[in-house]
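Notes follow the structure.
Values in this text are rule-based calculations from the coordinates and carry no lab data. Everything numeric in this text was worked out from a predicted model, so none of it was measured. Here the Cβ positions follow ideal geometry from the backbone for every residue, glycine too, while neighbour counts run over all protein chains shown.
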Amino acid sequence: MFTELGLLTEFFSLLAALYAIVALVLGERNKNEALVQSGRNAALLNFGLLAFSSGMLMIDIILQRYEVRYVWSVTSPDMPMFFRLTALWGSQAGSLLFWSVLMSGFSAGAVWLNWKTHRRLMPYATAYMMAVVAFFVAISVFLENPFSRWWYVPNSDEDMVSAVFRPENSYPANDLSVAEFLSRFSASQQGFVTIPLEIAPIDAQFPVQGVFLAARDLNPELMIPSSVLMTAQALPEMVAIGDLEDQSTLVPLSVLADGTTIRASDLPPTARLAPVLLDPNMRLDLVRGSAMGLNPLLRHFGMAIHPPMLYLGFVGFIVPFAFAMAALASGDLSTNWIKASRRWTLFAWLTLGLGLILGGRWAYDVLGWGGYWGWDPVENAAFLPWLIGTAFIHSVMIQEKRGMLKTWNMFLAVGTFSAVIFGTFATRSGLIESVHSFARSGIGFPMFAFWVTVTAISVWLILWRRRRGELRDEHQFTNLLSREALFVLNNFIFVALFIAIFWGSFGAPIVSEIFMDTNITLGKEYFLPVVTPLFIALYILMGIAPLSAWGATSLKRLGISLVIPLVLTAITMVLFIPLSTYEDGVLNILALFGYGIVLFGGWVAVYETYRGAMARISAHGESLPVAFITLMRRNPRRYGGYMIHIGITVIGIGVIGSTIFQDETTQTLSAGESFIIQNYEVRYDGLEEGQVTQDGRIMDIANLTVFRNGQEIAQLRPRRDFFPNVDEGMNSMTIAGSHSTLENDFYVLLVSWETITENSATFKVYINPLVNLVWWGGLILIAGTVFSFFPKETLPARIRQRAKQADELILKGVSA
Amino acid sequence: MWRSLIIIMILMGIVGAGVAQEATPEPNPTRPVTVDEVNKVAKDMFCPVCENIPLDTCGTAACADWRNEIRLFLEQGMTEEEIRTDFVRRFGDRVVGVPQDPFLNALSVITPWVLVAIGLVVVFSSFRTWARYKAHAVANAPETPTVTPASKQNQFLDQLEEDLKG
Amino acid sequence: MSQYEPVDMIELPKAKGGMSISNIVLLIGILAVVVVFGIALWRQQQAQPTSGPAPTFTFTTFEGETYDLADFKGKVVVLNFWAGWCIPCKDEAPELQSTWEYYQAQNADVVFLGIAYADNGPSSLKFLGDYNITYLNAPDLGTRISDLYNINGVPETFIIDKNGNVVEFIYAGVTQERLMRSVERALAGVGGAG
């Protein structure tokens, strides 16, 4: 019921999107207002239908409808509700639907908020957004349908088929009788029967004569005679029945005497029974018991927020893209498209940044390698749109202020979204493999074609308008030290970072594979030397650009305004000397200068804000907090931006500290023993084995006591989680125990342990200096971005004029 | 808020200064190779069969085998570079962070810089073109002073107000 | 508005007329990226060959003898990819060895070739020793052979007929019974063709 409704609404949402495109474009071209309105409503309806459809999938997940293949593949009966909810985006099919609904949500939001204010752009913008939504919904409906169900097909090559509609001669896999189940086997009783994988995944190819069922597929209340139970010696927890080929490898389950019965729910879930001996009318559920459950790595709180944030960021860039395209299509090439999409861009930028930070946090907490960024292609694929998006956010300011770089901004809007589609394509098609990527699937070519089409159409439109001379700049660059020139440099560096990271993650490995037949991986040895100088340049620009003026800045004037931030930087650098020193007393000069450059960018932001507040104090006699607040409220965008700069500085400090000064050691200890790293002492107190939790994971927890300079500072419990029902390779998870302070993280992993011959365990300890500043910087960045959303507080012109005069008077007085 | 930042920084400085110094152990040829030494080599290599997972943090049995091999090599007195070369010979350039093959190495490392250099040339030539047009415009158009500072003192305020206007 | 007067609008050069060099460079750049990624995607979607000429390669066995796959023309080749760390490989190793012994005793035109994928250190030799493997075995240096056959993992087995064509690809581990069926078919298929 819910499945059918979800399927139907998803399909209708596709029709609505297609109708919206046609109606909006035709309506706008023929000036048919009714048609445009109808297209607009179709776009809103599209969101409603998609939201309803994903709601249906959610209900299927909550109600544990395992006949739905997606539900079966991402949840299992023992999963707690919280992770059940996050399973909506736990795998390809669901996350595509989720992605579509978010995208449609952005589109509906833009229609809702911008229709009246940007009437000329909206029909085309909406049509563009609907085109993108339609593509993703089409992929979801036709290639990765989340509502596809399991069907049991007797007398076919495969026993279980997942299909949207019921195949011929099939039975619903969650509800069929024993007789229907057996109908498959009548012809092949003499030969070897391979146990259907979904029914008996434990030793699927164990040669058995006859058929058997897993106990978990039965009604749990069923009473089963012990005569139908047997167990395999090789797998003593398993009970099997039937005429097994090699009797010597099988023994009856000894605890059961002949003639007794046992409740199905009391059997091990992998126990086997001969359905021939069961009531032929008994109903079977062949899917519930074999449901796979969410990939354990995704069962983490960070995973509940990280993907939605990342997706919000990704899909959010559709709005500036659509507005840019609408501007090109409609010919309204003023800054309207930028004004209309400014907040949407900021929101997308914020959520993408948040998604990246949370992804780093998730990796740090769950992947167990002591770091948060591994230059993995999937991480980089998410970072690439952020880089172009950041360039875009800066660059549009030039267009708004000076009417310059119109073509360039178009390219950036297109580039950001193209990077989003590329990242989606690269991580979802199996083009690159990584811990984060989705499994290989058939959506590769459609995604690729879509990426090429979107990019080609956009570039063609830009070049066409440019050739017509409609993207001409209103000002020219006059001075290399003008703010616009510095912003161009900033853009250049962001693009250079984009190119360097794109090349390292995708370009070089793919070129080398295609032309040299060699697989290569570029790791930190490539990325660090390339991106470090670029980031240094970026931090320097972050320091200089806010001090420059639009139009032109004299070198002298720039020099004067640099004095105080530079002095502040020099002072703080002295404080950073201890942080730039290894424990053997060697000073890392480069790290110290790194801190200095990063700090400089932050100090300028602080100083500029301070200078603004001071000007207000002298002009209006306001107290510092009042002046500060008024200033910020007068131009939230500017001071929010400075706050973001401060956040970036804090992140930079954290990155330098945790990258250059990370210390690690691996030690094996017997219970009661301890070892020393730096001035820490770690004592192993013992192991708590086999702690079973509600969601079925088995935890082995080590107890450690950490001392610093002889003082106990923490009790840590690093652990290893084991998921018995999950496929090998992803069935365990190493959760660090960590003692976090602003100074560092004392991060311990439980690598292995031995409790039989000797009571010992191996630990890997990382000391990650300043790593928490990465997260704190992230919070500042979020606060700054949220702040810059606030509308500008506008004062009546008369008051503004008076205030300005007062400012001037007082400033003259002060400086005299 | 920047004051608290300073306080935090000062605190960090003080705490950082307190970090004790630890003597490095004397190299001892008969000493068995420690896990740390193995991981130091493995850290800069990738697991040959699982893409993009560093060998020191990879948790599979195969990786444990390879780390054990590194330990054996170290015990035989091979240097880190020799071990890397041996792994590359056997598993290809994918096991190291930057390919050892000279051509691939150059291709990987130099390309971004070439692109950056081209970009820089484009940016600066654009600046020059703009400057030339500016000169041209100034010569032909009536003088339009770009900055009109009433006085040096209120330049900052003018600029601030200008910016605040948005 | 700004206090700065706009500098006169000046037509940028090449704003009109034919394609400018920068546009051409841009389009060529985009085209190059598209082509490269298209090829990469196409290659990535390539599956293991199940028919047609078997990709040839040279290899040096663990004993140090060098062969080319083409050397075995006229013989059926069982090409098995394995690794010492792979559990199913351990299950099928005795099956492969006993099948090989069967054909060796018959003096049949059958060659068994094991390729150790991404594993050729002491553990590979130990593996060969543990299961008393006597057929040809070679390390896959630089994983070039595995790349040629687009393998997804180990174990994977290819049956190559006397003409050097792949006739069967077996995804999972093999049993002697299964393997013999395949080899017999490959032997018979060529016999029928002359």
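Of note:
- With a 10 Å cut-off around each Cβ of A:288-299, the average count of Cβ atoms from other chains is 0.
- Across segment B:78-85, computed HN-Hα scalar couplings (Karplus, 6.51 cos²θ - 1.76 cosθ + 1.60, θ = phi - 60°) run 6, 7, 4, 5, 5, 5, 4, 4 Hz from first to last residue, x flagging Gly and Pro.
- Centre-to-centre, using Cα atoms only, segment A:601-654 and segment A:549-568 are separated by 17 Å.
- Angle in degrees between helix C:87-106 and the longest Cα principal axis of chain C, rounded to the nearest 10: 50 degrees
- Residue A:755 paired with residue A:742, simple spin-label distance in nm, labels 7 Å along Cα-to-beta-carbon: 4.1 nm
- Secondary structure note: in chain C, about 55% of the DSSP beta bridges are antiparallel.
- Across segment C:37-53, the residues whose backbone nitrogen lies under 18 Å from the label position 7 Å along the beta-carbon direction of residue A:515 are C:37-43.
- Counting only other chain Cβ atoms within 10 Å of each residue's Cβ, the peptide A:464-476 averages 5.
- Two-site label geometry, residue A:453 and residue A:31: point separation in nm, points 7 Å out along Cα→Cβ: 3.2 nm
- Residues in segment C:167-172 carry Karplus couplings, in order, of 10, 7, 10, 10, 6, 9 Hz; the curve used is 6.51 cos²θ - 1.76 cosθ + 1.60 with θ = phi - 60°, and Gly or Pro positions show x.
- Among the listed pairs A:339/A:792; B:43/C:90; A:401/A:792; A:764/B:40; A:31/A:406, a Cα-Cα separation exceeding 18 Å is found for B:43/C:90; A:31/A:406.
- Förster radius 35 Å - calculated FRET efficiency between residue C:47 and residue A:81, Cβ distance, rounded to 0.05: 0.30
- Spatial separation of Cα centroids for segment A:749-770 and segment C:60-136, in angstrom: 39 Å
- FRET efficiency, residue C:73 to residue C:126 (Cβ-Cβ, R0 30 Å, nearest 0.05): 0.35
- The amide H of residue A:149, built 1.01 Å from its N in the peptide plane, has A:69, A:163, A:164 as neighbours under 5 Å, considering only residues 5 or more places off or on other chains.
- Approximate shape of segment C:131-194 as ellipsoid semi-axes (Cα gyration tensor, √5λ), whole Å, largest first: 23, 15, 12
- Rounded FRET efficiency, nearest 0.05, which uses the C-beta distance separating residue A:708 from residue A:400 and R0 of 35 Å: 0.10
- Dimensions of chain C from C-alpha coordinates, computed as largest minus smallest value along each principal axis and given longest first, are 95, 43, 29 Å.
- Fewest-first sequence of A:764, A:524, A:556 by Cβ atoms within 10 Å of each Cβ: A:556, A:524, A:764
- Averaged over B:113-126, number of beta-carbon atoms from partner chains that fall within 10 Å: 4
- A protection proxy built from the mean count of other Cβ atoms within 10 Å ranks the segments C:70-79, A:650-659, most packed first, as A:650-659, C:70-79.
- Rg(Cα) / (2.2 N^0.38 Å) computed for segment A:3-160, rounded to two decimals: 1.19
- Contact order normalised by residue count of segment A:297-446, Cα under 8 Å, 6+ apart, percent: 24 percent
- 5 angstrom amide H check on residue B:56, placed H, neighbours 5+ away: B:43, B:45
- For residue C:167, distant residues with modelled amide H under 5 Å away: C:159, C:160, C:161
- Segment C:137-146 - phi-based ³J(HN,Hα) in whole Hz, Karplus 6.51/-1.76/1.60, Gly and Pro as x: 9, 9, x, 8, 4, x, 6, 6, 5, 4
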